[in-house]
Amino acid sequence: MGKSMLNVILVVITIIAWGLWGFFEKEGVMYGHPLVVSIIIAISAFVVEVPIFIFILRKSSVEIALNRQVVIYSFFAELCLASAALAILYLLRDNPTGWAISITSVYPIVTLILGAIFLNETVTVSNVVGIVVIGIGMIILNSS
């Protein structure tokens, strides 16, 4: 399988899984407090993800290199993920699912800007146009 086909498959999986994720989180907070849902999600992630990732690592030739940078950046990534996950649960509890998920889906803009500033990644005209289109889309989506 070529790299471009693999990318297509991964994008489709990501879109479907994130779509289901928002739906299931909304259902969870309809029946339980966001903090309880967040704890259950964290426990479930540990129980589900860790064994799968260990299995994949054992089947691959990936070298497990734990250095200071890996640990620090991974820790801060998880801190950001936990903050966003808890915030979205509160948003989902009190707002329509489509609004909460769509309005927060503009987060790649933050990543694009940080990549340009700190990683010297190139921001292209199409990136800027995309950001403008996303902004217009958010206004249209949330104007009703």
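The values are calculated or read from the model by the stated rules, or taken from the named source; none is laboratory data. Please read these numbers as outputs of a predicted model, since none were measured by experiment. In this analysis, Cβ positions are derived from the backbone assuming ideal geometry, glycine residues included, and neighbour counts consider all displayed protein chains.
Observations, loosely collected:
- Flag if Val37 is surrounded by 10 or more Cβ atoms within 10 Å (Cβ to Cβ), outside the structural domain of Thr122 (by TED's automatic domain parsing), without any contact (Cβ under 8 Å) to a residue 24 or more places away in the chain and out of contact with any strand residue (DSSP E or B) (no Cβ under 7 Å at 6 or more places or on another chain): no
- Answer residue from region 78-128, given it is assigned to a helix (DSSP H, G or I) and among the acidic types (Asp, Glu) and is surrounded by the most Cβ atoms within 10 Å (Cβ to Cβ) among those: Glu78
- Applying a threshold of 9 Å to beta carbon distances and a minimum spacing of six or more residues, or different chains, the list of pairs starting in region 62-79 at a residue that is more than 19 Å from Tyr107 (Cβ to Cβ) and ending at one that is aliphatic (A, V, I, L, M) and surrounded by 10 or more Cβ atoms within 10 Å (Cβ to Cβ) reads Val62/Ile56; Ile64/Leu57.
- Among the residues making up region 39-77, a single one is of a type in the set (S, T, N, Q), over 30 Å from Tyr90 (Cβ atoms) and either assigned to a helix (DSSP H, G or I) or touching a helix residue (DSSP H, G or I) at 6+ places or on another chain (Cβ under 8 Å) (or both): Gln69.
- Just one of the listed residues (Phe46, Phe76, Phe55) is farther than 25 Å from Gly19 by Cβ and under 17 Å from the mean Cα position of the chain (by Cα), and it is Phe76.
- Residues located in region 4-38, provided they are more than 17 Å from Ile88 (Cα to Cα) and among the hydroxyl-bearing types (Ser, Thr, Tyr): Ser4, Thr14
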